[in-house]
Amino acid sequence: MAKINRIGVLTSGGDAPGMNAAIRAVTRAGINNNLEVFGIMRGYEGMIEGDIIPMNSETVSGIIQKGGTFLLTARSNRFREYEGRKEAYEQLKRFGINAVVVIGGDGSFTGANIMSSEFDIPFIGIPGTIDNDLFGTDYTIGFDTALNTVVDAVDKIRDTASSHNRIFFVEVMGREAGFVAINSGIACGAEIIMIPEEKNQIEKARRFLAERARKNKSSIILVAEGLEEGSTMEITEILKPEFPQFDMRVSILGHIQRGGSPSAKDRVIASRMGAAAVEALLDNQKCIMIGLVNDEIVQVPLNKTVKMHKAIDEALINLAEDIATFGPQK
Ligand code: F6P
């Protein structure tokens, strides 16, 4: 394997608060270890187009506190095709880049894993997604900030819900995973939490509402997007006629969850992971993801993290039910 002297860094897929802190750490740790560092703009799209900029310590100054990603991001369809990846490889060669650090989620790592099996280019992944749904790491960059955004929003919704004595269905992000929902639901005292990892979520809401009818109080029902049984809107429309006594509203938090200044936790973990990614490259590692397990940095094979499923902690699901108003809703 060629000696690594020029590395590229990119962000790909959904942006997440803390990505800038990771870019900064990769850049500075790289430079301080005598590597040349290049920023690849707009994820794999920029790699294909050769939209690549030289980075130095100054380039990443003043970005640690900013949300989003200063390198911009994209979901690249062209990179899904062999031709696109070949073009990307040619561009890397043109710039003399011989290793790449990818900050992103599942889709981004799948792309990296495929490209590194086709071409001689090592990839190191840094988990960056608000979803916290990657196998092999307890934590993904952006999760803490997103949780705090959700909690802040739901606290506000609760004020108006209780003033009007309404039932609010609040939808949060998470693709097909309930990590954001279960954690933010516990943190804001949601009356019930509906997650894709569990079956019969409409029935769970139904039982809760039937109980609630006797108390006549406002409630927050936290719903993860991606429930098999339908969207939050659809579920609410099913339940409305069954409980005409309740005034029901839906609030979809949407992309507000992806923005904002990263929390201290996200900045610190992103910095640790960024430096660890450079260390891994200097150690001649290829095709691994940097993870965090029990607050220790770990290295996980990329093909493992993309193939395996991260399960939600059963203890958290049980906790949410144990401390809910009406106890277990199963
Ligand atoms: O992967 C992060 C995420 O925010 C998911 O929770 C959500 O389903 C998805 O991205 C939405 O992505 P986009 O707005 O880029 O289509």
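The values are calculated or read from the model by the stated rules, or taken from the named source; none is laboratory data. Everything numeric in this text was worked out from a predicted model, so none of it was measured. Methodologically, a virtual Cβ is constructed for each residue, glycine included, from the backbone with ideal geometry; neighbour enumeration extends over all protein chains shown. Surface areas here come from the heavy atoms of the whole protein model, side chains and all, with no ligands, DNA or RNA. Shrake-Rupley method; radii C 1.70, N 1.55, O 1.52, S 1.80 Å.
When Asp266 is tested against (1) in the same structural domain as Phe135 (by TED's automatic domain parsing); (2) open to solvent by 20 Å² or more (accessible area, probe 1.4 Å); (3) not basic (Lys, Arg), exactly one condition is not met: (2). Restrict the check to the range 126-139 and report whether at least one residue is in a helix (DSSP H, G or I) and away from the ligand (no atom under 12 Å from the Cβ). No, every residue in the range 126-139 fails to be in a helix (DSSP H, G or I) and away from the ligand (no atom under 12 Å from the Cβ). Just one of the listed residues (Ile48, Ile114, Ile64) is surrounded by 16 or more Cβ atoms within 10 Å (Cβ to Cβ) and touching a residue at least 60 places away in the same chain (Cβ under 8 Å), namely Ile64. Annotation: of all residues in the range 160-180 being within 16 Å of the ligand (Cβ to nearest atom) and not hydrophobic (A, V, I, L, M, F, W, C), the one that is surrounded by the fewest Cβ atoms within 10 Å (Cβ to Cβ) is Glu176. Comparison of Ile252, Ile297 shows that the only residue that is in contact with a strand residue (DSSP E or B) (Cβ under 7 Å, 6 or more places away or on another chain), more than 16 Å from the ligand (Cβ to nearest atom) and either under 18 Å from Gly18 (Cα atoms) or touching a residue at least 40 places away in the same chain (Cβ under 8 Å) (or both) is Ile297. The residue that is surrounded by the fewest Cβ atoms within 10 Å (Cβ to Cβ), counting only those in the range 124-139 that are hydrophobic (A, V, I, L, M, F, W, C) and within 15 Å of Glu279 (Cβ to Cβ), is Ile124.
Answer yes or no as to whether Lys240 is assigned to a loop (DSSP other than H, G, I, E, B) and over 30 Å from Ser12 (Cα atoms). Here the answer is no, as Lys240 does not meet what is asked. Give me the helices (runs of 4 or more DSSP H) completely within the range 1-102, filtered to those with at least 1 residues that are more than 30 Å from Lys265 (Cα to Cα) and among the β-branched types (Val, Ile, Thr), ordered by residue number. Of the helices (runs of 4 or more DSSP H) lying wholly inside the range 1-102, those with at least 1 residues that are more than 30 Å from Lys265 (Cα to Cα) and among the β-branched types (Val, Ile, Thr) span 43-49. On the stretch given as the range 207-230, residues that are among the small types (Gly, Ala, Ser), over 11 Å from Met194 (Cα atoms) and either exposed (fewer than 15 other Cβ atoms within 10 Å of the Cβ) or within 16 Å of the ligand (Cβ to nearest atom) (or both) total 3.
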